[in-house]
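The block underneath contains the structure these notes are about, expressed in structure tokens.
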Amino acid sequence: QVQLVESGGGLVQAGGSLRLSCAASGTIFSNNHMEWYRQAPGKQRELVAAITSTGNTNYADSVKGRFTISRDYAKKTVYLQMNGLKPEDTAVYYCHRRFFSQNSWGQGTQVTVSS
């Protein structure tokens, strides 16, 4: 059974930084396309950043230049480095993995940015 376990969320002041981690198990990590989504209260879940099995990345326009997604194949972990945080980045952040038609979600980690 595939498990994705996020960590690293918390409360930070505007302009601060956080690094989220998502540890994967039960799957061949290197095969998976990994993504970070977020969902703010009353809003739809949105894609924040993605990294392919070969390391290509893409980002939502709202986080370009501030967030960086990366992956460590040995640790089977994907990271989201978030710099220059803004109050509008406040949300629950979810890790997601895809491999063809297979996909799994983590339980989410809360990020709160105070102004």
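Before moving on, here are some points about what is shown:
- Scanning the range 81-98 for residues that are under 23 Å from THR27 (Cβ atoms) and open to solvent by less than 30 Å² (accessible area, probe 1.4 Å) gives TYR93, CYS95, HIS96, ARG97.
- Output for the range 66-75, where each listed residue is hydrophobic (A, V, I, L, M, F, W, C) and surrounded by 14 or more Cβ atoms within 10 Å (Cβ to Cβ): PHE67, ILE69
- Only one entry in VAL63, VAL78 is in contact (Cβ under 8 Å) with a residue 12 or more places away in the chain and either more than 17 Å from GLN3 (Cα to Cα) or open to solvent by 20 Å² or more (accessible area, probe 1.4 Å) (or both), namely VAL63.
- Search result, residues across the range 18-49 that are among the small types (Gly, Ala, Ser), within 20 Å of ASP61 (Cβ to Cβ) and assigned to a loop (DSSP other than H, G, I, E, B): ALA40
- For the range 40-60, the candidate set comprises residues that are at pLDDT below 95 and of a type in the set (Ser, Thr, Tyr); within that set, the residue that is surrounded by the fewest Cβ atoms within 10 Å (Cβ to Cβ) is THR54.
- Identification of strands (runs of 3 or more DSSP E) wholly contained in the range 73-115 with 3 or more residues that are within 11 Å of VAL12 (Cα to Cα) yields 109-114.
The values are calculated or read from the model by the stated rules, or taken from the named source; none is laboratory data. Because the structure is a prediction, the values reported are computed rather than measured. Neighbour counts are summed over all protein chains in view; Cβ atoms, including those assigned to glycine, are modelled from backbone coordinates with ideal geometry. Remember, those area values only see protein heavy atoms, side chains included, never the ligands or the DNA or RNA. Shrake-Rupley method; radii C 1.70, N 1.55, O 1.52, S 1.80 Å.
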